[in-house]
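Report on one structure; see the data block that follows.
We did not get these values from a lab; they are worked out from the coordinates using the rules stated. Treat the numbers as computed from the prediction; the structure is a model and nothing was measured.
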Amino acid sequence: MKKEMYAFVVPCSARPLVFDESRCVGCNRCAEVCQVDILIPNPEKGRPPVVLYPGECYYCGSCVMACRQEGAIRLQHPLMNQAKFVPVRHAADAGEEKPLPAEKRRG
Ligand code: SF4
Ligand code: SF4
């Protein structure tokens, strides 16, 4: 008896991987190395794998490192993780006010 199996992409706002279809050759090396198995081979040969569980990716980068086609795959971190921290410039640092020595600040 022939069994048919189906897989559906789990809806999720995260889009951890971006494939460049013009560079990807569909070799599935990225899918093979993923430790959490969120990628499955594309049913259409030569196309990038399907990201089945985008919300389960932990952005380890193994898939990107395994790819031999430059620029075929890249990680896209969640927006909140793309924030850059910049040093805060206090008025005291600008010479407008001298900061207290650490021992006096502690009271
Ligand atoms: S992204 Fe790279 S490793 Fe993954 S299927 Fe495409 S060519 Fe292969
Ligand atoms: S970044 Fe890591 S967890 Fe996410 S798809 Fe690639 S190998 Fe899998």
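Distance between the C-alpha centres of the stretch 50-66 and the stretch 1-39: 9 Å, rounded to the whole angstrom. Amide H contacts for LEU39 (H built 1.01 Å from N in the peptide plane; partners 5 or more residues away or on another chain; cut-off under 5 Å): LEU52. Annotation: Cα Rg of the stretch 13-80 relative to the compact-globule expectation 2.2 N^0.38 Å equals 1.00. Each residue of the stretch 25-31 was assigned a 3J(HN,Hα) from its phi angle through the Karplus curve 6.51 cos²θ - 1.76 cosθ + 1.60 (θ = phi - 60°); the sequence is 10, x, 6, 6, 4, 4, 5 Hz, with glycine and proline shown as x. Derived scalar couplings between HN and Hα for the stretch 13-20 equal 6, 6, 9, x, 10, 10, 9, 9 Hz in order, rounded to whole Hz, by the Karplus curve 6.51 cos²θ - 1.76 cosθ + 1.60 (θ = phi - 60°), x for Gly and Pro.
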